[in-house]
Amino acid sequence: MSPRPDTITGLHAEPALARTQVSWEPLGFDPLIDHFRVYAVRGESAPGTPRESDLIAKTVYPTFAHTNLDPAGETWTYTVLAVSDAGRRGRPSVPLTGSSLPSVTATGREIARIGDFDGRTLEHHLAPSSYAKIPAEFPGAVIEYEQGADEPGTAWPYLLPGPGDAWAGKKPYRARWTLTLDDAPQADLDLAVWLVDTTRLGGILRVSANDEHVTDIELPVGSTRGSREGDATVPGSTLRRSFHEHALPASLLQAGVNVLELELAEGGWAAWDAVGVFARE
């Protein structure tokens with residue numbers, strides 16, 4: 001009879017925004033492993049024997065990304081076991097508790113935002129599918145948005161094109177967001193950039209504040225469906241949301257008018273969910 005797979009060891013949980021990356025030590029080739037079964041239970045404990053109702057994934061790799069978690073943060077307890085090519089199951093691993101990182105949209109105080117942090121592009125200009133009008137409306141590849149004067153539905157197109165988009169002239173579009181602060185910040189603020197989808201080209205979103213470079217956000221490979229579909233929360237949606245949050249140094253900001261610029265310097269378009277600036281509480 002084929003031997004039983006070894007018990008999974010080295011279970012590890014790496015926290016991220018709205019996701020937890022679970023990994024473990026790979027097994028050898030005797031027996032051959034058909035797949036791993038990943039079980040998860042909300043909270044900090046799990047039953048001694050995994051319940052099939054708690055199975056959240058089967059994978060052939062010694063890693064699994066638990067995605068689409070609440071951006072406010074979630075805690076789950078994971079158990080993994082291996083199944084051989086003969087269908088024999090190994091004993092379950094020791095359970096491991098892991099938590100995703102909380103978003104600044106949940107922990108911070110809102111200073112300004114464009115759009116709603118809800119997994120949809122629908123409140124933005126030209127959404128969900130009229131992207132072809134963007135080059136004509138913004139021939140200079142610059143989008144200007146003034147906080148308090150403009151609205152997402154009329155002034156902030158749902159896509160920011162990039163140099164990989166032939167339909168938009170292969171230009172690095174820039175979104176310039178002007179906001180006024182009553183006082184100069186005494187501590188760093190946080191910038192939240194949530195996307196509903198990106199293209200298979202990925203890309204680099206370059207962020208600056210008052211003409212000073214802040215960070216380059218590496219955009220993940222997306223499904224390239226967000227140019228035509230505007231709601232990633234629909235059951236079965238193939239849109240690939242991503243969440244990016246970075247510090248805005250207080251030294252780059254001032255009392256009065258400030259300009260944040262988001263330039264899609266490389267790759268294809270990004271579909272906005274929302275962007276916001278938050279003070280740390």
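Here are some notes:
- For the pair H213 and T107, a Förster radius of 35 Å applied to the C-beta separation gives a FRET efficiency near 0.85, rounded to the nearest 0.05.
- Virtual paramagnetic centre 7 Å along Cα→Cβ of A149, amide N under 15 Å, in region 225-256: 256
- Distance in nm between pseudo-label sites at S53 and T233 (7 Å out along the Cβ direction from Cα): 2.7 nm
- Value at 222 nm in deg cm²/dmol, rounded to 500, when DSSP H runs of n ≥ 4 in the chain each add -39,500 (n - 2.57): -500 deg cm²/dmol
- Rough spin-label spacing in nm, given labels placed 7 Å along Cα→Cβ, for S45 and A279: 4.1 nm
- The Cβ shell under 12 Å around P172 holds other residues with a net charge of 0, Lys and Arg each +1, Asp and Glu each -1.
- Mean separation of Cα pairs under 8 Å and 6 or more residues apart, divided by the residue count, gives region 104-279 a relative contact order of 36 percent.
- 13 Å reach of a label modelled at T180, 7 Å along Cα-to-Cβ, counting backbone N of region 251-270: 255-258
- Annotation: peptides 129-135, 266-272, 162-168, ranked by per-residue average of other Cβ atoms within 10 Å with the highest first, follow the order 266-272, 162-168, 129-135.
- Given their separation in residues at 0.36 nm each and the Cα-Cα distance between them, D30 and V221 gain 65.2 nm when the chain is fully extended.
Quick note: the coordinates plus some simple rules give every number you see, no bench work behind them. Remember, predicted model here, so these are calculated numbers, not experimental data. For neighbour counting, all protein chains shown are included, and Cβ atoms are generated from backbone atoms with ideal geometry for every residue, glycine included.
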